Amino acid sequence: MDFETIGLEGKYKELIGDPSVGFSCMVYGKPKSGKSTMCIDFAKHLAEHHGNVLYAAIEEGYGYTMKEKLERLKATHKNLYISENIPHKLSKFDFVFIDSVSKGKVDNNQLNELIKSNPKTAFIFIFHSTKEGDFRGGQENAHDVDCIIEVKEGVAFGKGRFGIGGEMGVF
């Protein structure tokens, strides 16, 4: 069987491989580890090279810190849309970031429904961590996604179905 990939290149291909169209990914880490910074940069990369991207900044909203991150990362592009919530209609987006699943109170059934009802859309779900460093939520979250990225003290570690896994600096 052949599967269409998105053609990911560069540091993100080294981190997670070249995912198939409609992939799903979990990103997790402790507070201030660089999760949102990495995801905004990833969203920028996808918008510049691969299609329409929605970044649902549920946790931060349109506040000063979000503005600062977007400016610092030069994350402005005609294909990158920022929202404070998850819109009901997602069909115009090729990639959707939900930051964060914990703050948005999105459970595993809702995540699976988003994936099922938008099969050509890739979802990147950002999770909080416990104080021990594990992601919040049941293990089914990890089993239901194609790749997992742990962000720890400014370094992202990827693993999953599309490559052997890699690491990259976030800050």
So, in the stretch 1-21, exactly how many residues are open to solvent by less than 90 Å² (accessible area, probe 1.4 Å), touching a strand residue (DSSP E or B) at 6+ places or on another chain (Cβ under 6 Å) and of a type outside the set (A, V, I, L, M, F, W, C)? 4
In the stretch 22-34, what residues are open to solvent by less than 40 Å² (accessible area, probe 1.4 Å), in a loop (DSSP other than H, G, I, E, B) and out of contact with any Cys (no Cβ under 9 Å at 6 or more places or on another chain)? Gly22, Ser33, Gly34
The lone exception for Cys39 - which of (1) closer than 17 Å to Phe162 by Cβ; (2) within 11 Å of the chain's Cα centre (by Cα) it fails: (1)
Any hit, the stretch 142-165, residues being open to solvent by 40 Å² or more (accessible area, probe 1.4 Å), assigned to a helix (DSSP H, G or I), within 24 Å of Ile6 (Cβ to Cβ) and at pLDDT below 90: yes
What is the one condition in (1) in a helix (DSSP H, G or I); (2) in contact (Cβ under 8 Å) with a residue 24 or more places away in the chain that Gly51 does not satisfy? (1)
Restricting the search to the stretch 71-82, which residues are assigned to a loop (DSSP other than H, G, I, E, B), open to solvent by 50 Å² or more (accessible area, probe 1.4 Å) and modelled with pLDDT of 95 or more? Lys74, His77, Lys78
In the stretch 1-36, how many residues are among the polar types (S, T, N, Q) and in contact with a helix residue (DSSP H, G or I) (Cβ under 6 Å, 6 or more places away or on another chain)? 1
Complete set of residues in the stretch 83-102 that are of a type in the set (Asp, Glu) and open to solvent by less than 20 Å² (accessible area, probe 1.4 Å): Asp99
Of all residues in the stretch 103-127 being open to solvent by less than 40 Å² (accessible area, probe 1.4 Å) and at pLDDT below 85, which is nearest to Phe162 (Cα to Cα)? Asn108
Among the candidates Asn108, Asn79, Asn112, Asn85, which residue alone is closer than 25 Å to Glu9 by Cβ and not hydrophobic (A, V, I, L, M, F, W, C)? Asn79
Among Thr65, Thr37, which is the only one that is free of Cβ contacts under 8 Å to residues at least 12 places away in the same chain, out of contact with any Cys (no Cβ under 7 Å at 6 or more places or on another chain), over 18 Å from Val145 (Cβ atoms) and not in a loop (DSSP other than H, G, I, E, B)? Thr65
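The values are calculated or read from the model by the stated rules, or taken from the named source; none is laboratory data. Keep in mind the model is a prediction, meaning the values are calculated, not measured. We place every Cβ from the backbone using ideal geometry, glycine too, and count neighbours over all the protein chains shown. For the accessible areas, the whole protein counts, side chains as well, though only heavy atoms, and no ligand, DNA or RNA atoms are used. Shrake-Rupley method; radii C 1.70, N 1.55, O 1.52, S 1.80 Å.
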